[in-house]
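What follows is one structure encoded as structure tokens, with my remarks underneath.
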Amino acid sequence: MAEEIANLCRQYVADNAAALDARPEEEAVRAMVNMLHRHAAGEGWEALDYHLNVEEVARDGLKRHRKRR
């Protein structure tokens, strides 16, 4: 289940990264972490319950997105 949650978070970052293009990197990471927590709560699960490092997922996904721009 943890890997499934991680994949859902990675996909969420990929789908929503463009919304944060105008923000500096650290601000974008903080915003994406908040977005991920809200998304997870809306889905009825808490990423931290699965020992998922949400900041790392957000940072990695945003870096990949920004390299492709």
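All of the numbers you see were taken from the coordinates with simple rules; none came from a lab. Just so we're clear, the structure is a prediction, and the values are computed from it rather than from any experiment. Every residue, glycine among them, receives a Cβ derived from its backbone with ideal geometry; neighbour counts consider all protein chains shown.
Quick notes on this one:
- Cβ-based net charge around L20, under 15 Å, with every Lys or Arg adding one and every Asp or Glu removing one: +3
- Computed extension gain for W45 through D15, at 0.36 nm per residue and net of the alpha carbon distance, reaches 8.9 nm.
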